[in-house]
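Contents: one structure, followed by commentary.
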Amino acid sequence: MSTQLKSESCQNGSLISIQNVSKTFNPGSVNEVVLFQNFNLDVPKGQFVSVVGSNGSGKTTLLNLLCGSVPADSGAIFIKGQEISALKEFQRARFIGRVFQDPSKGTCPELSILENMALAENKGKPFGLSMGVNRRRTDFYRSQLEMLHLGLEDKINLPVGSLSGGQRQALALLISTMTPIDLLILDEHTAALDPKSSETVMELTDTFIREKQLTAVMVTHNLKFAIRYGNRLLMMHRGECVIDAADEQKASMDTDDLLNKFNEISLEVGN
């Protein structure tokens, strides 16, 4: 069965292939929630997918299934044709970058910007008794920080905990893409920021994805960002995609289209 699934995944050219995945929370209890039932999703290489939906629709669980934070009950998940269902979260982190909603989760606050970047650059490499920070790489780190246009290249020895939320999230975005990755996961990564910082981080996100030719899946509650950024949009409801619009179809959509669908769903469930 796995061989057949792998073959299908390779043939359809998808970087991500989720096949017949099911997930139930609290099975057998009064709080049982069947979220996914034989869920399927394919994401081609280089696609930037925005995912929206109400609370409990399956958005975050979809990301957690991809990253390994939550195991699937059945089905299979493939990245570049290789099944990853059995891999632990830390193993998947070698080829998946993730930026969380909380800016403090993507960086080490007690360490300097320089030390954070050195750690990020060594992701997946063996650690011996050598120095943790290679000072000869400082100029390279500064050049990377210059891309953020936040002046952090002049604060490279400051502890990350002293930065603003927007600065930390921009740094977390940079750090998550410093080493080669197959997939970038954006987990409501602008939700905790003020409007100006949100716009800055989203512009950086779009630039990084395009320039580094990344495949990305972004969960967001910001309908404006979902419409403006990316080349595919999914709306989730009860573990299903009720909207799946890509390329020209997505480009023709506006926030009213999404709001109308939200209202339609709200009426269906009696809200």
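The values are calculated or read from the model by the stated rules, or taken from the named source; none is laboratory data. No experiment lies behind these values; they were computed from the predicted model shown. All Cβ positions, glycine included, derive from the backbone under ideal geometry; neighbour counts span all protein chains shown. For accessibility, only protein heavy atoms count, side chains too; no ligands or nucleic acids. Shrake-Rupley method; radii C 1.70, N 1.55, O 1.52, S 1.80 Å.
With just the Cα atoms defining each centre, how far is the stretch 162-188 from the stretch 36-76? Give it in Å.
20 Å
Measuring from a point 7 Å past the Cα of residue 22 along Cα-to-C-beta, which residues in the stretch 57-98 have an amide N at less than 15 Å?
72-76
Rounded to the nearest 500, what is the 222 nm mean residue ellipticity of the chain from helices alone, with -39500 (n - 2.57) per DSSP H run of 4+ residues and division by all residues?
Helices in the chain give a 222 nm mean residue ellipticity of -10000 deg cm²/dmol.
When we measure straight from the Cα of residue 123, which lysines land under 21 angstrom away, once same-chain ones fewer than 8 places off are left out?
The reachable lysines, counting only those whose Cα sits under 21 Å from residue 123, are 80, 88, 105, 212.
Rounded, prolate or oblate, given the Cα gyration tensor of the chain, with a/c below 1.5 counting as rounded?
It comes out prolate by the Cα gyration axes.
From the Cα gyration tensor of the stretch 114-229, with a ≥ b ≥ c the square roots of its eigenvalues, which class applies: rounded if a/c is under 1.5, or else prolate if a/b is larger than b/c, or else oblate?
Since a/c reaches 1.5 and a/b is larger than b/c, the shape of the stretch 114-229 is classed as prolate.
So what J values fall out for the stretch 212-219 if you push phi through Karplus, 6.51 cos²θ - 1.76 cosθ + 1.60 with θ = phi - 60°, rounded to Hz, Gly and Pro as x?
8, 6, 8, 9, 9, 10, 10, 8
For the stretch 168-255, what is the accessible area per residue in Å² when the probe is 1.4 Å?
Result: 40 Å² per residue.
List the relative contact order of the chain as a percent without decimals, with contacts defined as Cα pairs under 8 Å and 6+ residues apart.
RCO, the chain: 25 percent.
Taking amide hydrogens as modeled 1.01 Å from N in the peptide plane, which residues meet the under 5 Å criterion relative to residue 15, leaving out close sequence neighbours?
Result for residue 15 returns 43, 45.
Among DSSP beta bridges whose residues both lie in the stretch 185-271, state the antiparallel percentage, nearest 5.
65 percent
Using only alpha carbon pairs under 8 Å that are at least six residues apart, calculate the relative contact order of the stretch 114-271 and give it in whole percent.
After rounding, I find 15 percent.
What fraction of the DSSP beta bridges in the chain is antiparallel, stated in percent and rounded to the nearest 5?
Antiparallel bridges: around 55 percent, rounded to the nearest 5.
With +1 on the Cβ of every Lys and Arg and -1 on the Cβ of every Asp and Glu, and nothing else charged, how large is the dipole of the chain about its Cα centre, in debye rounded to the nearest 20?
940 debye
Return the carbon/sulfur percentage of the accessible area of the chain, one whole number, probe 1.4 Å, all protein chains in place.
Carbon and sulfur atoms account for 49 percent of the accessible area of the chain.
Would you mind working out the accessible area per residue for the stretch 8-111, using a 1.4 Å probe, and quoting it in Å²?
Result: 48 Å² of accessible area for each residue.
What are the residues whose amide H is under 5 Å from the amide H of residue 53, where those residues sit 5 or more places off or on another chain and H is modelled from the backbone?
236
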